[in-house]
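The structure appears right after this line, and notes come after that.
Laboratory data are not the source of any read-out in this text; all were calculated from the coordinates shown. All of these numbers come straight from a predicted model, not from anything done at the bench. A quick note on method: Cβ atoms are made from the backbone with ideal geometry, for glycine too, and the neighbour counts reach across all protein chains shown.
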Amino acid sequence: MMRFAIPCTALKLVLCNEVVEILRAHVQAASGSMESVGQLYASSLASSEVSIQTATVLQPKCAHRTRVVIDKALAEAERRTMFENRMHCVGVWHTHPEPYPSPSIDDIALAEDYARAASDAGVAGVVFVVVGTAPFPNGLYVGVHDGDAMHKAVFVES
């Protein structure tokens, strides 16, 4: 389990062990590996500590070493199915082939799109995780986009 604090809020974000292991399994360790992408789910949004219990892996529209394009139709279908099972999509994750990742301009635009869609559903922001090649937590970028800006979360504890 990894816990993060969200700046300027009282919110905490928890990545459950299963989620951490899925992220670790998709680190782009090999020189020819392609980026991976998926979504993050929690069963409850009614607490000051949001526990991400599930990370899925999506089949992308296309993937390269330094770029991945999410299949929006597949992502939406997955969200509907997960919601029927009482799981709420709280964000998205993907990999970068660098040790200490940070979101690209395209990443921030994707996070903003997710945040605006979440806002329509009454959710204040979305989680955005970028998985790098360095050991965790340094090899993770964890942030929350509120529709206006990305806010980098601060690692608190394992």
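Over the chain, DSSP H runs of length four or greater, each weighted -39,500 (n - 2.57), average out per residue to a 222 nm ellipticity of -7500 deg cm²/dmol. For region 42-158, the Stokes-Einstein estimate of translational diffusion at 10 °C and a viscosity of 1.306 mPa s comes to 107 µm²/s, using the Kirkwood hydrodynamic radius over alpha-carbon pairs. Based on DSSP H assignment, which helices of the chain show an axial Cα extent of at least 15 Å together with a mean Kyte-Doolittle hydropathy greater than or equal to -1.0? Flagged H segments are 72-84, 105-120.
For the pair residue 49 and residue 116, label points projected 7 Å from Cα toward Cβ lie 3.5 nm apart. By other beta-carbon atoms within 10 Å, ranking 36, 51, 119 with the fewest at the front produces 119, 51, 36.
Dipole size of region 51-158 about its Cα centre, with +1 on Lys/Arg Cβ and -1 on Asp/Glu Cβ: approximately 240 debye, rounded to the nearest 20.
Rounded to whole numbers, the Karplus 3J(HN,Hα) couplings from phi for region 144-158 are 10, 9, 9, x, 10, 8, 8, 10, 6, 6, 10, 5, 10, 6, 9 Hz, using 6.51 cos²θ - 1.76 cosθ + 1.60 with θ = phi - 60°, and x at Gly and Pro.
Between beta-carbons, use under 9 Å as the cut-off and find the net charge around residue 58, counting Lys and Arg +1, Asp and Glu -1. Its environment carries a net charge of -2. The ranking of 87, 1 by Cβ neighbour count inside 10 Å, starting from the fewest, reads 1, 87. Here 81, 56, 9 are placed in order of increasing Cβ neighbour count within 10 Å, fewest first, which gives 81, 9, 56.
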